[in-house]
Amino acid sequence: MPAEPVELDQGVAHNARVWNYWLGGRDNYPVDREVGDQVSSMFPSISQVALADRLFLGRAVRYLAGEAGIRQFLDIGTGLPTVENTHEVAQRVAPEARIVYVDNDPLVLAHARALLASAPEGVTDYIDADARDPDAIVRGAAETLDLTRPVAIMMLGILNFITDTREAQATVERLLEAVPSGSYLAITHPTLELGGEANAAAMRFWNENAKPAIVARSREAVTRFFDGLEIVEPGLVSCSRWRPEATPGGEPDTVAQFAAVARKP
Ligand SMILES: C[S@@+](CC[C@H](N)C(=O)[O-])C[C@H]1O[C@@H](n2cnc3c(N)ncnc32)[C@H](O)[C@@H]1O
């Protein structure tokens, strides 16, 4: 929790706050809403992307805590608290689940209290850290998680902010090195293979008007983050199509965000 009031930059749109706006939340400023609306006018399905990503989070955490038996979660690039945060989903399946959240946005830090409301049997913690500093994350996580036991590393909508692909890969590798066999990695990542030119134009606009800079990646590049892991069914797909719950009207529409879950052998 912040010991002192955090400094919030209300002059430039920030990803955590714009994401919150697209999800229908209220933790955002006029500058975030302006940029959010502008992106939506260029790429109208962006709020469906945000919603589908959060719904994927729920299904992935239920799978991990349920079928996969995971009891420890490291959620990097957490976002502002919303309905169905990782600890709520995980602790509904396993109240003893331990969750460490990581983000570097000052407003997420200011709202971290909502992420720390653990079930009494479990624990939640929040680390104010940069995803590009995996050593600091591992050190901080080790205070709450037992890193000799399996951990699910959640990196939803975050590797796209590590714009250098080699750095992003090295970050994932370092995090995976720190956890044992039987651990999992869950990723969502924007892709122009599903988003097309309108998505590319919206990302260019974002990079000129908001923080932090974003990059989309191809199926091949996102698949490389899972090198050496066993990707569970149905593989790397649009996040809306990852083990969707039965809906009338058949399969959900795809959104421009890849998702996959994989196990460390
Ligand atoms: C698109 S949101 C995704 C939130 C959540 N994981 C979800 O899937 O709904 C990305 C989050 O990553 C955080 N973020 C961006 N760059 C970061 C960095 N270098 N280190 C830590 N967090 C970062 C932002 O503050 C934001 O909260």
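Here are some notes:
- Looking only at residues of region 23-46 that are touching a Ser or Thr at 6+ places or on another chain (Cβ under 9 Å), free of Cβ contacts under 8 Å to residues at least 40 places away in the same chain and surrounded by fewer than 18 Cβ atoms within 10 Å (Cβ to Cβ), we find that the one that is nearest to Val12 (Cα to Cα) is Ser40.
- Within region 85-102, being of a type outside the set (A, V, I, L, M, F, W, C), within 16 Å of the ligand (Cβ to nearest atom) and over 19 Å from Asn28 (Cα atoms) holds for Thr86, His87, Glu88, Tyr101.
- Taking the criterion of being assigned to a loop (DSSP other than H, G, I, E, B) and within 16 Å of the ligand (Cβ to nearest atom), the residues of region 237-258 that qualify are Trp242, Val255, Ala256.
- Criterion (in a loop (DSSP other than H, G, I, E, B), more than 17 Å from Gly69 (Cα to Cα) and more than 9 Å from the ligand (Cβ to nearest atom)) met by exactly one of Ala119, Ala114, Ala136, Ala131: Ala119
- Yes/no for Asp105 being charged (D, E, K, R), under 16 Å from the mean Cα position of the chain (by Cα), within 13 Å of the ligand (Cβ to nearest atom) and buried (at least 21 other Cβ atoms within 10 Å of the Cβ): yes
- A count restricted to region 142-168 and to residues that are more than 12 Å from the ligand (Cβ to nearest atom) and in contact with an Asp or Glu (Cβ under 8 Å, 6 or more places away or on another chain) stands at 2.
- When region 176-217 is filtered for residues that are in a strand (DSSP E or B) and surrounded by 20 or more Cβ atoms within 10 Å (Cβ to Cβ), the ones remaining, listed by number, are Tyr184, Leu185, Ala186, Ile187, Thr188, His189, Pro190, Ala210.
- Considering the conditions (1) closer than 26 Å to Arg243 by Cβ; (2) within 13 Å of the ligand (Cβ to nearest atom), Ala13 is excluded by exactly one of them, (1).
Quick note: the coordinates plus some simple rules give every number you see, no bench work behind them. Only a predicted model underlies this, so the values are computations on that prediction, with no experimental measurement involved. We place every Cβ from the backbone using ideal geometry, glycine too, and count neighbours over all the protein chains shown.
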